[in-house]
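Student: Got a structure for you, written out below as structure tokens; questions coming shortly.
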Amino acid sequence: MRMRATLGVVTGALALSALAVPAAQADEVHGDTKISNVVVNGGKAVVVGATGSKTFSVSFTVTDNSGVDWAQAILYHGANIDDADSGAVANSSDGRSSCAKVNATTATCKSSYTVEAGYELINKVAGSWKVWAIAAGNDADYVQKDNAKTFQVQRLSKLTVNAAPEPVKKGKTITVTGKLTRANWETGKYAGYASQPVKLQFRKKNASTYTTVKTIKTNSTGNLSTTVKASVDGYFRYSFAGTSTTPAANAAGDFVDVK
């Protein structure tokens, strides 16, 4: 795993480091400590462009009858944390979460993480990531969850459209072209997304919503092309629903003046 920071020592056998995470195993519960309400990036997918980085937060609730001592979370991609092929630790100096006391038995813990294209992120790690979390009470009770939460890390997508000719006579053929691309984290560029279903949609000039005309697929280079008959003034756009590795995208509408 490629980590940004070294994790601080926690307690005895639970000591962790960024380069030596605990072996994959079932969740562990010792005592009454509990972790709940895990939220990653406000509940939204973590979307990163072809270059640059994304910083986001992870928060969760910890309860223990004796009070909450500390907590920590590691983000990873893979079947389990022992076999992870990428990951991220908290941006704090010791890798731990910052826990704010809610009452005598409850705390809300939060930390920020940064993932960068070409560093933590290569193309094959797009998709489902997991949150490994651990928390301890003041009485040394603790809980460890190997998968406290699953979330998506995605390659940013872009979609274009062009309807021509314009203006056009009513009843004549309009050719609508476009292209669907997504971030390639290894080249730092955007590349065509092949064989993906994309909807051609139309909105009348004074209407507020789009309706689907037809669905076509991108070719081997992500290009789109189809024809329709001109009827009334309005806007054409392409709309992509997204996949587990790539977010949804809508092209900006292209206006066609029908004479």
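The values are calculated or read from the model by the stated rules, or taken from the named source; none is laboratory data. Small disclaimer: the values here were computed from a predicted structure and weren't measured. Positions of Cβ are backbone-derived with ideal geometry, glycine not excepted, and every protein chain shown enters the neighbour counts. Calculation scope for accessible area: heavy atoms of the full protein, side chains included, ligands and nucleic acids excluded. Shrake-Rupley method; radii C 1.70, N 1.55, O 1.52, S 1.80 Å.
Student: When you look at Ser59, is it closer than 19 Å to Thr246 by Cα and at pLDDT 95 or above, yes or no?
Tutor: Answer is no for this residue.
Student: Can you find even one residue in the range 195-215 that is among the hydroxyl-bearing types (Ser, Thr, Tyr) and closer than 30 Å to Lys54 by Cα?
Tutor: Yes, some residue in the range 195-215 is among the hydroxyl-bearing types (Ser, Thr, Tyr) and closer than 30 Å to Lys54 by Cα.
Student: While we're looking at this one, here's another question. How many residues does the range 125-170 hold that are among the small types (Gly, Ala, Ser) and closer than 25 Å to Thr51 by Cβ?
Tutor: First pass over the range 125-170, keeping only residues among the small types (Gly, Ala, Ser): 126-128, 133, 135-137, 140, 148, 157, 163-164.
Of the ones still in play, those that are also closer than 25 Å to Thr51 by Cβ are 126-128, 157.
Within the range 125-170, residues that are among the small types (Gly, Ala, Ser) and closer than 25 Å to Thr51 by Cβ number 4.
Student: Quick one: would you say Thr114 is surrounded by fewer than 20 Cβ atoms within 10 Å (Cβ to Cβ), out of contact with any helix residue (DSSP H, G or I) (no Cβ under 8 Å at 6 or more places or on another chain), touching a residue at least 24 places away in the same chain (Cβ under 8 Å) and more than 30 Å from Thr246 (Cα to Cα)?
Tutor: No: the conditions fail for Thr114.
Student: Based on what the data block shows, is Ser111 more than 14 Å from the chain's Cα centre (by Cα), among the small types (Gly, Ala, Ser) and in a loop (DSSP other than H, G, I, E, B)?
Tutor: no
Student: Quick check on my filter: what residues within the range 236-254 are in a strand (DSSP E or B) and open to solvent by 60 Å² or more (accessible area, probe 1.4 Å)?
Tutor: Of everything in the range 236-254, just one residue is in a strand (DSSP E or B) and open to solvent by 60 Å² or more (accessible area, probe 1.4 Å), namely Asn250.
Student: So, one more: When only residues in the range 25-52 that are modelled with pLDDT of 95 or more and charged (D, E, K, R) count, which is surrounded by the most Cβ atoms within 10 Å (Cβ to Cβ)? Give the derivation first.
Tutor: First, pick out the residues of the range 25-52 that are modelled with pLDDT of 95 or more: 28-52.
Imposing the further condition that a residue be charged (D, E, K, R) reduces the set to 28, 32, 34, 44.
Numbers: Glu28: 13, Asp32: 14, Lys34: 17, Lys44: 12.
By that ranking, first place goes to Lys34.
Student: Moving on to the next point. In the range 53-110, which residue that is aromatic (Phe, Trp, Tyr) and buried (at least 22 other Cβ atoms within 10 Å of the Cβ) is nearest to Trp129 (Cα to Cα)?
Tutor: Tyr76
Student: Based on what the data block shows, is Thr150 of a type in the set (S, T, N, Q) and either in contact with a Gly (Cβ under 7 Å, 6 or more places away or on another chain) or open to solvent by less than 10 Å² (accessible area, probe 1.4 Å) (or both)? Explain how you work it out, then say what you get.
Tutor: Numbers: of a type in the set (S, T, N, Q): yes; either in contact with a Gly (Cβ under 7 Å, 6 or more places away or on another chain) or open to solvent by less than 10 Å² (accessible area, probe 1.4 Å) (or both): no.
When the stated conditions are applied, Thr150 does not pass them.
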